[in-house]
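For reference, the structure is listed below as structure tokens.
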Amino acid sequence: MTLRVRWLGRVRYRDAWAVQRALHAGGAAAAGPDDHLLLLEHPHVYTLGVRADLRHVLVPPAEVGAELVRADRGGDVTYHGPGQLVGYPILSLPGKHSATRTGMADTVAYVRSVEQLVIDVLADLGLPDAGRLDRYPGVWIDPDSDDPRKVCAIGVRLVRGRSMHGFALNVDPDMSYFGHIVPCGIPDKRVTSLAEEGLAVSMAEVVEAVAARAAERWGKGDVDLAIHAAPAAEPGAGLAPGLGTGGPAGPGGTGGGAPSPSPTDGVSVQLRSRMAKAGVTEGLQISARKPEWLRAQMKVGRDYRRLEHTIRDLGLVTVCE
């Protein structure tokens with residue numbers, strides 16, 4: 001079994017979720033499936049876990065330039081965006097799982113494993129005061145103090161002994177986006193980042209540290225790393241070439257995968273994959289926003305607000321929203 005670690009750059013949440021589902025389903029159907037760790041950033045998005053309270057979303061996400069997605073992971077509402085390292089381990093966990101469902105004890109043990117990986121990474125980077133806080137999953141700074149601060153959110157799903165979703169480590173994101181939600185449904189505790197804690201590290205350094213610890217913790221056989229394209233700024237979206245390419249390497253090494261192409265925000269995974277297979281690598285830059293005269297303006301008045309409050313009070317989610 002090979003652990004394949006990939007830096008994917010900046011990828012829309014729904015696209016990354018589709019890749020996770022494909023790897024999870026393919027692995028479940030194969031004999032001796034490979035494990036994967038996808039490392040990436042998302043454009044601004046708020047995601048809701050299966051038991052999330054919609055009232056914890058305090059403003060319409062579109063008003064702050066973010067999406068809202070209801071996912072099938074555990075946990076409440078959280079934020080993903082540029083400057084935050086998201087890790088999605090798709091792993092076959094050993095021995096303790098039934099063929100039809102996963103026990104809660106196994107889920108807790110797996111969450112602890114992900115927490116420990118992040119705690120070890122932070123210690124490697126020079127932040128030794130990270131740990132766990134009773135009753136609150138994730139990784140916290142100064143957890144035993146009067147001011148514990150959450151630096152990494154964790155939300156996972158285990159199906160047939162194979163994992164999905166994962167962790168979101170705040171490296172240096174725009175922290176104002178956390179002010180538009182009740183992060184993880186916890187109103188009385190702060191969220192922080194490595195930058196706010198005084199740790200000046202690049203995204204590339206954090207990616208390398210996570211990959212090294214993942215190879216040590218989850219790399220039971222060969223480890224295939226393709227993370228060399230991870231830049232300090234302006235991550236790319238090398239999704240299609242980064243999956244399944246590159247030669248095996250030991251922990252801390254790099255595989256021979258192709259480097260990620262330039263950023264392609266706005267291009268779907270399916271289209272990007274088809275174009276890459278056809279050898280089309282130019283013309284995928286979509287960085288300019290629509291001019292104001294081309295945008296449809298949404299009129300938000302008293303009736304809209306009244307309807308919005310009714311929807312949230314009833315816990316509804318509409319197609320239009």
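Quick notes on this one:
- Residue-level accessible surface for Tyr88, protein heavy atoms, 1.4 Å, Å²: 10
- Distance (nanometres) between label positions extended 7 Å along Cα→Cβ at Arg160 and Arg302: 5.5
- One chain, two ends: Arg14 and Ala62. Fully extended at 0.36 nm per residue, the span grows by 15.7 nm beyond their Cα-Cα distance.
- A 1.4 Å probe over all protein chains sorts Glu216, Glu208, Glu197, Glu308 by accessible area into Glu216, Glu208, Glu197, Glu308, starting with the largest.
The values are calculated or read from the model by the stated rules, or taken from the named source; none is laboratory data. Here the structure is a predicted model, which is why all the values come from computation and not from measurement. So basically every Cβ, Gly included, is an ideal-geometry build from the backbone, and we count neighbours across all protein chains shown. Calculation scope for accessible area: heavy atoms of the full protein, side chains included, ligands and nucleic acids excluded. Shrake-Rupley method; radii C 1.70, N 1.55, O 1.52, S 1.80 Å.
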